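Scroll down for the structure; my scribbles are underneath it.
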Amino acid sequence: MIRVLLVCSGGMSSAIVVKAVEKEAEKQGLALQLTAVGTGEFQSMLEGGGYQIALVAPQVRHRYQGFEEVAKELNVPIALIPPQGYTPLGGNQVIKLILEMYNR
């Protein structure tokens with residue numbers, strides 16, 4: 001099971017992306033748990049959640065450096081989701097990103 005934490009601004013788009021990624025993971029037979037949190041919850045969730053990967057939504061990319069510092073401190077790989085992956089049809093692209101990070 002790959003545990004992924006997605007930080008976003010907490011809007012509806014993150015729920016749509018989570019569903020798209022979960023659907024694609026199921027299609028590929030990939031055991032994946034994707035949790036979306038708002039920016040204020042990122043650090044506490046990453047510290048206590050046992051997550052293996054952190055992803056940053058495009059709409060909060062301006063805060064990436066702060067998220068990256070937290071993730072590096074906790075030795076959790078982090079990446080920015082490209083805008084084209086942050087759509088209802090972007091599940092496959094996000095899965096590719098997760099697998100690249102997981103297999104490093």
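Bear in mind that the values in this text are calculations on the coordinates, not laboratory data. Keep in mind that this is a model prediction, so the values were computed, not measured. Heads up, the Cβs are rebuilt from the backbone with ideal geometry, glycines too, and the neighbour counts pull from every protein chain shown.
What number of residues within the stretch 20-45 satisfy the criterion of being without any contact (Cβ under 8 Å) to a residue 12 or more places away in the chain and closer than 21 Å to Gln84 by Cα?
2
Which residues, counting only those in the stretch 55-79, are farther than 15 Å from Val21 by Cα and in contact (Cβ under 8 Å) with a residue 24 or more places away in the chain?
Pro58, Gln59, Val60, Arg63, Phe67, Val70, Ala71, Leu74, Val76, Pro77, Ile78, Ala79
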